[in-house]
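Undergrad: Let me give you the structure first, and then I'll get to my questions.
The values are calculated or read from the model by the stated rules, or taken from the named source; none is laboratory data. No experiment lies behind these values; they were computed from the predicted model shown. Every residue, glycine among them, receives a Cβ derived from its backbone with ideal geometry; neighbour counts consider all protein chains shown.
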Amino acid sequence: MSENPLQQAVARARENNERVDQARSLVGPLGLEHIRYTETRTVALDSTRLVANGLVAAGAEGPESRVFSALAQQVLQKMRENGFRSVAVVAPTAGTGCSLIAANLSIALAKDPNQTVVAVDLDVQEPTFARLFGADVRRGLVDHLVDGTPIPNVLFHPGAVKRLVVLPNRARQVNAQEVYGSWAMTQLLGELRDRYDARLSVFDVPPLLDSGYGLALLQRIDCALLVVRQGFVTRDEIDETKRLLAGVPMIGVVLNDVEVLQRASARR
């Protein structure tokens, strides 16, 4: 026998309370400064290794890390002003350093003690986060969407960065358009957005002009941050990208021409 509307409402309220209790148990009595990761795998990586991989935001305070601290402050201000909880980091083509910007932005955002961050690698053809964070990844986002691999079995927490978890991907021959347009993807995006009030999601989106599925994903993410590499992307490519992004709230453009970023972003 089906539940009546009152029973359904009670069940939804109970489920919501259970989620709140779980969130509190993960955060612990001292708040976001002392989160305990009980289900998510922690990868023991020190900041030196992350910096060597181009993740300069994880390093000591200096000119390189301050670039991303400033970017994170600007992004956070615009997201809070508009009530945004998720941001897609996008680029016209591969080779612009988009993934590197997304990973560094995620780290810089996680340094703010007022929220946690999940960094999501949406590229199923050339995933990058596992390499950048130096993690051994045998299952990725695509395995959750196709095979139902539980998200806690895919996520990892880079031990050197508080308040950050990474949802990596791995290369796999699938129909990406179909996979990312699935109900499973819709459910996941809702879960990432709504499970914890203090969580921001940063998505590394495949190059818009090189992939057929990157644009469709943007319709379900709150806003976008465009990455352009000076001297690498043509004016026509930039104009076409802006045309494709029409209707997607744009919170800024990153000109990736700083020397330290060029060295690390030679490979996307």
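Undergrad: Which count do you get for residues in segment 65-116 that are under 23 Å from ARG229 (Cα atoms) and aromatic (Phe, Trp, Tyr)?
TA: 1
Undergrad: Got a number for residues in segment 44-63 being at positive phi and of a type outside the set (Gly, Ala, Ser)?
TA: Of the residues in segment 44-63, 0 are at positive phi and of a type outside the set (Gly, Ala, Ser).
Undergrad: Among what's in segment 38-82 and is in a loop (DSSP other than H, G, I, E, B) and touching a residue at least 60 places away in the same chain (Cβ under 8 Å), pick the residue that is surrounded by the fewest Cβ atoms within 10 Å (Cβ to Cβ).
TA: It comes out as ALA44.
Undergrad: Another one. Of the residues that make up segment 118-133, is at least one among the polar types (S, T, N, Q) and surrounded by 24 or more Cβ atoms within 10 Å (Cβ to Cβ)?
TA: Scanning segment 118-133, I find no residue that is among the polar types (S, T, N, Q) and surrounded by 24 or more Cβ atoms within 10 Å (Cβ to Cβ), so the answer is no.
Undergrad: Having 3 or more residues that are without any contact (Cβ under 8 Å) to a residue 12 or more places away in the chain is the bar; report the helices (runs of 4 or more DSSP H) wholly within segment 123-194 that clear it.
TA: Hits in segment 123-194: 183-194.
Undergrad: Mind checking which residues of segment 204-241 are basic (Lys, Arg) and loosely packed, with under 14 Cβ neighbours inside 10 Å?
TA: Selection gives ARG235 alone.
Undergrad: Here is a further query. Which condition number does ALA108 fail, the rest of (1) under 17 Å from the mean Cα position of the chain (by Cα); (2) closer than 23 Å to ALA130 by Cα; (3) surrounded by fewer than 17 Cβ atoms within 10 Å (Cβ to Cβ) being met?
TA: (3)
Undergrad: Would you please name the residue that is surrounded by the most Cβ atoms within 10 Å (Cβ to Cβ), looking only at residues in segment 83-92 that are under 13 Å from ASP123 (Cβ atoms) and in contact with a helix residue (DSSP H, G or I) (Cβ under 6 Å, 6 or more places away or on another chain)?
TA: Looking at residues that are under 13 Å from ASP123 (Cβ atoms) and in contact with a helix residue (DSSP H, G or I) (Cβ under 6 Å, 6 or more places away or on another chain), I get ALA91.
Undergrad: Take LEU209 and tell me if it is modelled with pLDDT of 90 or more and either more than 20 Å from LEU76 (Cβ to Cβ) or among the aromatic types (Phe, Trp, Tyr) (or both).
TA: No; evaluated as a whole, the condition is false for this residue.
Undergrad: A follow-up question, please. Just a yes or no: is a residue in segment 168-183 aromatic (Phe, Trp, Tyr), in contact with a strand residue (DSSP E or B) (Cβ under 8 Å, 6 or more places away or on another chain) and over 15 Å from SER201 (Cβ atoms)?
TA: No, the conditions are met nowhere in segment 168-183.
Undergrad: Now for a different question. Tell me which residues, restricted to segment 88-104, are touching a Lys or Arg at 6+ places or on another chain (Cβ under 9 Å) and under 17 Å from ALA72 (Cβ atoms).
TA: Result: GLY97, CYS98, SER99, LEU100.
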